[in-house]
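Before any comments, here is the structure.
What follows draws every value from the coordinates through simple rules; no lab data is involved. What you see is a predicted model, and the numbers here were worked out from it, not measured in a lab. Reconstructed Cβ throughout: ideal geometry from the backbone, glycine too, with neighbour counts over all protein chains shown.
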Amino acid sequence: MTDLEELKAIIKDSGMTMVAVAEKAGMVRETLYNRLAGKGEFTASEIVGLTSALRLTVKQRDSIFFARKVEGNATNSI
C-alpha cells in the first residue's frame, strides 16, 4: 500500500512542480496526478523514476511504496 500523504509531502518539499516531477520521473503528468489521487497502483518503473527524481533514500522509498500495516503477531510457517 502506497503512503500517498508522505509522497505528496516529499513532492511539496522538493520545490518542484508536479509537472517537473512527472517529467524527471519519466511519467505522463496525468498518470502522476491519477496515482496521487489513488487511481491505480504505481508500477515498478514509476517507483524507480520517482525515487530518482525526488532523490529518495531506500528507507524513504520503502516507507512510501512498500509499507504494510501489520496486525497481530507475525509468525513464519514454512
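Given the criteria in contact (Cβ under 8 Å) with a residue 60 or more places away in the chain and assigned to a helix (DSSP H, G or I), does Ile64 qualify?
yes
Of all residues in segment 31-46, count the ones that are crowded, with 17+ Cβ neighbours inside 10 Å and charged (D, E, K, R).
Residues flagged as crowded, with 17+ Cβ neighbours inside 10 Å and charged (D, E, K, R) within segment 31-46 amount to 2.
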